[in-house]
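Input: a single structure, listed below in structure tokens.
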Amino acid sequence: MPCERKPMRYGHSEGHTDVCFDDEGKCIVTCGSDGDVRIWESLDDDDPKSINVGEKVYSVALKNGKLVTAVSNNTVQIHTFPEGDPDGILTRFTTNANHVTFNSSGSRVAAGSSDFIVKIVEVVDSSQQKTLRGHDAPVLSVALDPSDEFLASSSCDGSVTVWSIESQTQVAQWKILQKSSDVSNAKSLCRLAWQPRSGKLLAIPVDLTIQLYDRNTWTHVSTLSGDLISQVVNVVVWSPCGKFLAAGTIGGNLLIWDVEAKLCIERQKHEKGFTVCGMAWHPSGGRIAYTDTEGCLGLLEGVSSLSSSSTVQIVNTSKETNDYDDLFDEDDDRMLDEGMSDSRSPVKKPIMEDDDDDDDLMPATGRPRNRGSFLDDDDNSQDPGSVKLDGVPEEDGSSAILPAVGPAVSRPVYEGPMPTQPQRAFQPGSTPVHLMHRFMMWNSVGIVRGYNDDQDNAIDVEFHDTAIHHAMHLTNTLGHTMADLSQEAVLLACEGNNELASKIQCLHFSCWDTHKDWIVDLPKGEDVRALCLGQGWAAVATSALMVRLFSVGGVQKEIFSLPGDVVCMAGHGEQLLIVCHRGTGFDGDQALGIQLLQLGHKRRQVIHGEPLPLSRKSYLAWMDFTAEGTPCCIDSEGVVRMLNRTLGNMWTPVCNTRDSCKSKSDHYWVVGVHENPQQLRCIPCKGARYPPTLPRPAVAVLPFNLLYCQTTTEKGQMEEQYWRSVLFQNHYGFLSSSGYEIDSEGQSRAEKEQQELLMKMFALSCKLEREFRCVELAEMMTHSVVTLAIRYASRSRRMALAQRLSELALEKASQCQEEEQEEEEPAYQSHTSREYRGSNQMSRRQAPVENGCEEEEEYPQEEQMDAEESTETRKLSMHASFSSILFQEYLINIFKLQVSGAGKSSSSPAGQPRTTNVLDSMTMSSRKPAPISGTSKQGKAPVLKPLAPKPKSKVQSMSASKGNSKKLEDSQSEAEKVKPAPAATPPASAENIENRKPKTGFQLWLEENRKSILADNPDFEEMDVIKEGMGRFRTLSAEERLNWTERAKGDSDPKKRKREDEGQVDEQMESNEGSTKKKKPLDTSAKLSAFAFNKE
Amino acid sequence: MDPAEVEFLAEKEMVKIIPNFSLDKIYLIGGDLGPFNPGLPVEVPVWLALNLKQRQKCRIVPPEWMDTDKLEEIREQERKLDTFTPIPSPYYMELAKLLLNHSADNIPKADEIRTLVKDIWDTRVAKLRLSADSFISQQEAHAQLDNLTLMEINTTRSFLLDSLNYMYKLRSNLQPGRSQDY
């Protein structure tokens, strides 16, 4: 069934409610136990008009602009509608009335009270009252007959009575209800209802059924029931056409019957199963409004379409019953109604109609007259405009109208999705224009408020930071409706009308001359739709599908066309973001496109009108840059999406504000997004989408939450945290690339956090014995952390894993080296920052750091040049320091094999970048005082030498490292406990893989210098040779080492190599003599020699 | 204890302000405050809030309980019960006075709140006096009074202790006299 149940919304405080429509069906009127009557323009109306009529309202009725309410002060009052002014008291009881109702013409009001009395009062003259006495208990409900002859009332005494109004006597009485002592104890509200127009039937909710009584005989005609009704029926209402009956039950069921066919054609369940205590049928029959005892209001939409489908059923069944005339007459009425109501959704109808036609055409011979009129109706329903003609052809139109059948059938029937109304242009951070007091802009700079009431038409500009500018108060003579605010200026704009052109006004308060504002008129017929301010420029999108750029001082600059109507714009720095319609959306979706332009020096379009992703059936609610300059959008479903610049400018949902809402009608009105710290600044709005201007709303901060799977598990949480951190770190890259200053401390903090998370995830998957996953995680780590991971793996006796990781570490190291080589000279600046970062990270890891630091201490002046090298060696040294004896053994094995390979041929593919590294680390570890101490001891007692280098952020990193390392150690020892040391078997396969690696510079160097080392120290063993070699190699200057590595790549010419060798030899001579202490002078001389060499 | 001293203690309570300036974290002996972002609520002690307010550097967000509905409820409760009801803040009187005196413009319905707080105070102090009276008249040795605030205790302390002292003196004077009689 195509009947659509709209989501409930909060209307009143908890308690009894009632609902009705106004005569035209434009508004829904509800009342509740909070004493208010609210007038809703629609279900989505966020600002319903509220009329306070008393302490508690029991019932409401509305007709002819008179709003009648039964109030707790024992009166029945009248208010004017829609103004809501009190219009006197209609009648009084000794206790409160339970139900009030109008007659069909609206001339009389009937009210039933708890003092057992029913009164009928003339609306115009409240002195003309008729009192009906006879019930022995509070009256539950009253209903006036459409022909004003009878009144039906139900009471707690268990009876339903029909009174003659004229004689004020009882005409009929049925004891069919359950007795109760009071309304509050009554099981059902027992709202009665007469069939509209004819008044032929009276519907009475009796227990689980609805009984229909005939007007003439006062006999029980039929009973409507449904297997779905499990609880007592509370309310019944007739459709305006009188063919359908809707009922609401205590258990929250909503049912609609076709009375003629006694068919239950629609069943809906209240979304929470609360008691339905008020129902009203829209005058056109297309929808039903209902309220529950929790004060919520709901709407059933599209009731007309189901009723038309049931027509088909009626037609089918009635063919047998030979009751055509009657039926079709009724049908006509209904169709008339429907034609009107259906103008909203004309498409649904024809689908039904086809059946009608087919059904009807076959037995056509019998009764042309009726059929003609029937078909005519269908035409009408398809074309609501011609409804009024309907009455005429019914009399004489049989033959004349028949031909119309043809086209009706052949007319194409569209069943596809319906186009959506394109959303209107808006200013992000503003509340709707129709409000008298509204926010014209609330952004990170300040607030622009617009007042437009009887006394005043003004604009208030207020800055969050009063250091920017003091608050301003402007009279809004031009009627500005749009505003934007930046650190430099306020931009205002109004739409034009017949006489006045659309104007843009800019208050350039940061201007240093005396003329602080400028006004520009747009060409006639062109209206401003959206505007924004950037740094030094303003942009205005107009109804002529154009964007006009201005300088902030008022110079007109570029103009360009847009592919569609603009939705909103945003500016930040030199970036301009434009959202416009790309086409027609369907089924509630919007088709929006987004453009991101880079203004300023290097002008380019970054995003070229690509579709903007939104939630289903939602529209764009907010769109702006984050404080850091990343575009961010929020749709009406509350999903916050952020542009992910490192993922090809895709949009990543980062938060759903609706998740933090307590109730369905609550919303968060976003005013700003910050990436560092991660903050979503918004204003909580209870029961509305927008905040009121008074009392001044307070900003709340929501956290971001990426929608990762299984965030209840530790793994999911860490993954979410990691990726969130990565995403929110993207802006550093963007900012530095576009030449802004960045918070490098924040950046390194974020990076550190990421690496920590990776390490934790690594530890977790290690514990779960997911080694493949471990490697995957390690791939995401920086190489310094990989070494830590290797240590962890080897500590927890996962040699295979450690092996794989060490391969990975080498790969990373070489990658890193290459990268750095490439960018060494041109990107000096970034180089240093990187170096700084690297060392910062390094110094955080306690034990291994000392080596690196020591080195730095030794060559302070070389620090920068040496950065990549030292980072690398330090990494390796870290690698070394963790290696336990077990591991050492294995390393030695590798080493031997590789050395032999290296000795054989320099051109062989058996390059061993890793080997060298391993060796390197070996040396380092052997240098340590107690490399042969127990595994656990080594981990727990890292030797911390006094660290001096990099005074920058030293303290911080130290303290950070303490907590960090402790944690790691804990988890490590834990892991160790879990895994009781399986014997480490060096994997054979690893060696094969290694052989494929290219050689490093050090190996080449070692090959050439092995002899000299051996000559110097003839008693050296292979290990010592390499150790010594390492020491010497390290003393080489960066350029020299660079040369070696380049050579290792195989592109240096032999001549050069030779020369270099000479230099090398000299240097070695010196270095042999020098002890470790002497390294410093040695190094400078090496450096000098390198310099001289380069000069040659 | 001086009421001013109690007020001084109350100034340590935290309150939310919306600053209109930008400042990094400040490190004080009592703890770190901030960072201050214009337009973003931040919690600071009352003394700082009032200082900033006086320099027009912030707006004070009234504490949650400083709301007519909530206070009315408390007042009704207070009137209904014979015992002291729990109060939302141990320094409600002091805070109400401080905040209402210095930043009434930031608190909606300031006058109503002032009256309500005064009503609550009066009710509670009346109760306190009543209980002191019955305490003395029934010559009890001890009494339990829950949910009293420092300020309330302070108002009655000097009077109650002094009067008890006097009464003790009078009684002890009486006693020897009696013993002489015997």
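The values are calculated or read from the model by the stated rules, or taken from the named source; none is laboratory data. These numbers were taken from a predicted model, which means no experiment stands behind them. Here Cβ is always computed from backbone atoms with ideal geometry, including for glycine, and neighbour counts include all displayed protein chains.
Numbers for the structure displayed
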| quantity | calculated |
| --- | --- |
| When residues of the stretch A:74-84 are limited to those that are modelled with pLDDT under 85 and out of contact with any Cys (no Cβ under 8 Å at 6 or more places or on another chain), the one surrounded by the most Cβ atoms within 10 Å (Cβ to Cβ) | A:PHE81 |
| Out of B:LEU130, B:LEU145, B:LEU164, B:LEU170, sole residue that is loosely packed, with under 11 Cβ neighbours inside 10 Å, of a type in the set (A, V, I, L, M, F, W, C) and out of contact with any helix residue (DSSP H, G or I) (no Cβ under 6 Å at 6 or more places or on another chain) | B:LEU170 |
| Qualifying residue in the stretch B:34-41 (condition: within 14 Å of chain A (Cβ to nearest Cβ), touching a helix residue (DSSP H, G or I) at 6+ places or on another chain (Cβ under 7 Å) and within 24 Å of B:LYS97 (Cα to Cα)) | no |
| B:SER103 vs. criteria of a type in the set (Ser, Thr, Tyr), surrounded by 13 or more Cβ atoms within 10 Å (Cβ to Cβ), within 14 Å of chain A (Cβ to nearest Cβ) and closer than 28 Å to B:ILE29 by Cβ | yes |
| Test for A:PHE426: is it under 25 Å from A:HIS674 (Cβ atoms) and away from every other protein chain (no Cβ under 12 Å) | yes |
| Filter result for A:GLN605 (farther than 25 Å from A:GLY536 by Cβ and either part of a strand (DSSP E or B) or of a type outside the set (A, V, I, L, M) (or both)) | no |
| Members of the stretch B:43-57 that are facing chain A (nearest Cβ under 10 Å) and surrounded by 15 or more Cβ atoms within 10 Å (Cβ to Cβ) | B:LYS57 |
| Search result, residues across the stretch A:436-462 that are exposed (fewer than 15 other Cβ atoms within 10 Å of the Cβ) and in contact with an Asp or Glu (Cβ under 6 Å, 6 or more places away or on another chain) | A:MET436 |
| Residue match in the stretch A:725-734 (condition: surrounded by 16 or more Cβ atoms within 10 Å (Cβ to Cβ), away from chain B (no Cβ under 14 Å) and outside any helix (DSSP H, G or I)) | yes |
| In the stretch A:688-713, residue farthest from the other protein chains (Cβ to nearest Cβ) [restricted to those that are under 29 Å from A:SER42 (Cβ atoms) and touching an Asp or Glu at 6+ places or on another chain (Cβ under 7 Å)] | A:ARG689 |
| Subset of the stretch A:110-151 [among the aromatic types (Phe, Trp, Tyr) and more than 21 Å from A:PRO196 (Cβ to Cβ)] | A:PHE116 |
| Where A:HIS831 falls short, out of the listed (1) modelled with pLDDT under 85; (2) part of a helix (DSSP H, G or I); (3) more than 24 Å from A:SER725 (Cα to Cα) | (3) |
| Where a residue in the stretch A:745-757 is over 14 Å from A:GLY733 (Cβ atoms) and its partner, wherever it lies, is among the β-branched types (Val, Ile, Thr) and modelled with pLDDT under 90, with Cβ under 6 Å and at least six apart | A:GLN755/A:VAL785 |
| Selection status of B:ILE113, within 14 Å of chain A (Cβ to nearest Cβ), surrounded by 14 or more Cβ atoms within 10 Å (Cβ to Cβ), of a type outside the set (D, E, K, R) and part of a helix (DSSP H, G or I) | yes |
| Some residue of the stretch A:258-270 being among the charged types (D, E, K, R) and part of a loop (DSSP other than H, G, I, E, B) | yes |
| Residue satisfying all of: in the stretch B:1-33; within 12 Å of chain A (Cβ to nearest Cβ) and crowded, with 17+ Cβ neighbours inside 10 Å; nearest to the chain's Cα centre (by Cα) among these | B:LYS16 |
| Subset of the stretch A:544-572 [in contact (Cβ under 8 Å) with a residue 40 or more places away in the chain and over 21 Å from A:ILE607 (Cα atoms)] | A:PHE550, A:VAL552, A:GLY553, A:GLY554 |
| Conditions (1) in contact with a strand residue (DSSP E or B) (Cβ under 9 Å, 6 or more places away or on another chain); (2) assigned to a loop (DSSP other than H, G, I, E, B); (3) within 13 Å of another protein chain (Cβ to nearest Cβ); (4) over 30 Å from A:CYS296 (Cβ atoms); number of the one not met by A:ASN676 | (1) |
| The stretch A:718-775: number of residues that are among the charged types (D, E, K, R), within 28 Å of the chain's Cα centre (by Cα) and within 18 Å of A:TYR708 (Cα to Cα) | 3 |
| Number of the condition not met by B:GLU64 [criteria: (1) within 28 Å of A:GLU462 (Cβ to Cβ); (2) away from chain A (no Cβ under 14 Å)] | (2) |
| When residues of the stretch A:463-499 are limited to those that are surrounded by fewer than 20 Cβ atoms within 10 Å (Cβ to Cβ) and in a strand (DSSP E or B), the one nearest to the other protein chains (Cβ to nearest Cβ) | A:MET472 |
| A:THR69 at pLDDT 85 or above, outside any loop (DSSP other than H, G, I, E, B), hydroxyl-bearing (Ser, Thr, Tyr) and closer than 30 Å to A:ASP258 by Cβ | no |
| Any hit, the stretch A:661-669, residues being surrounded by fewer than 17 Cβ atoms within 10 Å (Cβ to Cβ), of a type in the set (D, E, K, R) and either within 14 Å of chain B (Cβ to nearest Cβ) or touching a residue at least 60 places away in the same chain (Cβ under 8 Å) (or both) | yes |
| Every residue from the stretch A:432-449 that is in a strand (DSSP E or B) and either within 14 Å of chain B (Cβ to nearest Cβ) or under 24 Å from B:PHE21 (Cα atoms) (or both) | A:PHE439, A:MET440, A:MET441, A:TRP442, A:GLY446, A:ILE447, A:VAL448, A:ARG449 |
| Flag for A:SER154 being surrounded by 15 or more Cβ atoms within 10 Å (Cβ to Cβ), part of a loop (DSSP other than H, G, I, E, B) and either within 51 Å of the chain's Cα centre (by Cα) or assigned by the TED database to the domain that holds A:ASN103 (or both) | no |
| Any hit, the stretch A:764-787, residues being at pLDDT below 85 and not assigned by the TED database to the domain that holds A:GLY648 | yes |
| Unique residue being farther than 20 Å from A:VAL445 by Cα and in contact (Cβ under 8 Å) with a residue 12 or more places away in the chain when the list is B:PRO19, B:PRO41, B:PRO35, B:PRO3 | B:PRO3 |
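Per-residue answers, yes or no, for (1) at negative phi; (2) surrounded by 24 or more Cβ atoms within 10 Å (Cβ to Cβ):
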position: A:LEU507; (1), (2): yes, no
position: A:ASP513; (1), (2): yes, no
position: A:LYS516; (1), (2): yes, no
position: A:GLU526; (1), (2): yes, no
position: A:CYS532; (1), (2): yes, yes
position: A:LEU549; (1), (2): yes, no
position: A:GLY554; (1), (2): no, no
